[in-house]
1. Quick one: in the range 284-307, of everything that is in contact with a strand residue (DSSP E or B) (Cβ under 6 Å, 6 or more places away or on another chain) and within 13 Å of ASN253 (Cβ to Cβ), which residue is surrounded by the most Cβ atoms within 10 Å (Cβ to Cβ)?
2. What residue, of PHE76, PHE56, PHE90, PHE101, is closer than 28 Å to ILE246 by Cα, of a type outside the set (Lys, Arg) and more than 19 Å from the chain's Cα centre (by Cα)?
3. Tally the residues that are within 14 Å of ALA78 (Cβ to Cβ), polar (S, T, N, Q) and open to solvent by 30 Å² or more (accessible area, probe 1.4 Å), restricting the search to the range 7-55.
4. Based on what the data block shows, is LEU65 open to solvent by less than 60 Å² (accessible area, probe 1.4 Å) and either in a loop (DSSP other than H, G, I, E, B) or farther than 24 Å from HIS250 by Cβ (or both)?
5. Looking at ALA243, ALA255, ALA247, can you tell me which residue is among the small types (Gly, Ala, Ser), open to solvent by 40 Å² or more (accessible area, probe 1.4 Å) and at negative phi?
6. Looking only at the range 227-248, which residues are assigned to a loop (DSSP other than H, G, I, E, B) and either modelled with pLDDT under 95 or under 18 Å from ARG184 (Cβ atoms) (or both)?
7. Quick one: in the range 153-170, of everything that is in contact (Cβ under 8 Å) with a residue 60 or more places away in the chain and in a loop (DSSP other than H, G, I, E, B), which residue is nearest to the ligand (Cβ to nearest atom)?
8. Inside the range 120-148, can you point out the residues that are open to solvent by 30 Å² or more (accessible area, probe 1.4 Å) and away from the ligand (no atom under 12 Å from the Cβ)?
Amino acid sequence: MRNVIIIGSGPAGYTAALYAARANLAPLMIEGEPRGTVLPGGQLMLTSDVENYPGFEHGVQGPELMRTMRAQAERFGAEIVPGWVEEVDFTRAGGPHRARFEDRWEEARAVIIATGASPRLIDHPAVRPPDEGGLMSRGISTCATCDGAFFKGADIAVLGGGDSAMEEGSFLTRYGKSVTIVHRREEFRASKIMLDRARKNPKIRWELGKTVADIEDVKKGRVTGVVLEDVKDRSRKRLPVGALFIAIGHDPNTALFRGKLDLDPAGYILHREHTMTNVRGVFASGDCVDHRYRQAVTAAGMGCQAAIDAEKYLESLGH
Ligand code: NAP
């Protein structure tokens, strides 16, 4: 039986693997495989320059940051295998806990979950990575904190009517000449305080009762505008913008744990004690827990915490 299995990869998972490996726990990481917007390495695999990860004065490419985090964990003995966990068995109090992937069950005294979250996207050919002919990270983004600074002086569109859209829209006014919030209804899901703050911002414009019907221009390799469609009369108009931020929510990648761990109503894993879940020996870290900060550095920090918590837990069992 293993000491630790880590499910999922990304800043939280790789950091947990690094700490667990350096603590001589010989962790096994099952790092996922490409499925839809879920990629081994997580959301940073879809990001270009990362300028706010401490330690990189001139920034670092998201995929490069994940490659080096992975290599660092491997250097200390973490075993990292591709694969998609299809089923978990957390039914034995205090373990061993089990994870099934590729028709084999792996057993461990402790499990660290780091399956992340996926931004909700709209169905359009431009909303794909550049190597699939899309404009993701070339003007289409799901993260204003990551990519806003690349659109200084641009007209920007933000899609969504929740707190994320208000927050991203307000944040983007630091860079953009204008920010147009496009929302499919006249009413908002956003909280009053966030909505009021956005409404008071003179740089924010509103296109309500509209959806994004088209995104231009994949041929040019950058965003030059979006075509908005009125939900009532289906009329269309073009909005010239240099970037589209999609802020229609995230979904935690936690379907695997439904009915097996305590989740909040939105599906995020709940911590019971530090990073431990309601099942003893099962820990969770990163965006599958956190819908507030959602940063690479906070996910890495929580991965570190989960590994230390797992180590202390194993010590308490006498291992
Ligand atoms: P959300 O509350 O679920 O809002 C998603 C928005 O996107 C809704 O307005 C929804 O429209 C719209 N939408 C969903 N699918 C769409 C589609 N296919 N096309 C066009 N529009 C679509 O998600 P969120 O804004 O990410 O917030 C998630 C949670 O995090 C909330 O609890 C929120 O309060 C919290 N949060 C808090 C803060 C903060 O306090 N600083 C910041 C961000 C998020 P409809 O309204 O028509 O359904």
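1. ALA284
2. Details: PHE76 fails: closer than 28 Å to ILE246 by Cα; PHE90 fails: closer than 28 Å to ILE246 by Cα; PHE101 fails: closer than 28 Å to ILE246 by Cα.
So the residue among PHE76, PHE56, PHE90, PHE101 that is closer than 28 Å to ILE246 by Cα, of a type outside the set (Lys, Arg) and more than 19 Å from the chain's Cα centre (by Cα) is PHE56.
3. Total meeting the criteria: 1.
4. No; evaluated as a whole, the condition is false for this residue.
5. Only one candidate qualifies: ALA255.
6. VAL231, LYS232, ASP233, ARG234, SER235, VAL241, ALA247, ILE248
7. Residue satisfying both the conditions and the ranking: GLY162.
8. Selection gives PRO125, ARG128, PRO129, PRO130, ASP131, GLU132, GLY133, SER137, ARG138, CYS146.
The values are calculated or read from the model by the stated rules, or taken from the named source; none is laboratory data. Just so it is clear, the model here is predicted, and its values are computed rather than measured. All Cβ positions, even for glycine, are placed from backbone atoms using ideal geometry, and neighbour counts span all protein chains on display. Calculation scope for accessible area: heavy atoms of the full protein, side chains included, ligands and nucleic acids excluded. Shrake-Rupley method; radii C 1.70, N 1.55, O 1.52, S 1.80 Å.
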